[in-house]
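These notes concern the structure reproduced below.
Laboratory data are not the source of any read-out in this text; all were calculated from the coordinates shown. Keep in mind the model is a prediction, meaning the values are calculated, not measured.
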Amino acid sequence: MKTKSLFIFAMGAVILGLFSCAINTNATRSNSAINTQAEQEIKIAGSNSVYPALEVLASAYEVKNPTTKVSILTPSSSKAGIAGVKDELLDIGTLRGDS
């Protein structure tokens, strides 16, 4: 039960992290102007236990936010995910519930 609760908490944190990085795509544009908004990248890595759900969430996020690319890096460990965020190499580190 504890593992399930931690997993739900971790997924909620990932979802919140993804949506907190949203870019305002409703900015007004003139008819002759080309949208030159820079593409934003969100880098995610860490434990592989959440990767199947994370891939679905990342795809859905990219559809809603076309100027954002979600890069899911090679799965490794919770420790690597924490270190990557701490060292500012990652935006989101995924963790295993029983780590």
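Details
- Sequence-distant residues sharing a close amide H with VAL70 (under 5 Å, placed H): ILE42
- Dimensions of the range 48-99 along the principal axes, based on C-alpha atoms and rounded to the nearest Å, stand at 32, 23, 15, largest first.
- For LYS79, the aspartates and glutamates whose Cα falls under 17 Å of its own Cα, not counting residues fewer than eight places away in the same chain, are ASP87, GLU88, ASP91, ASP98.
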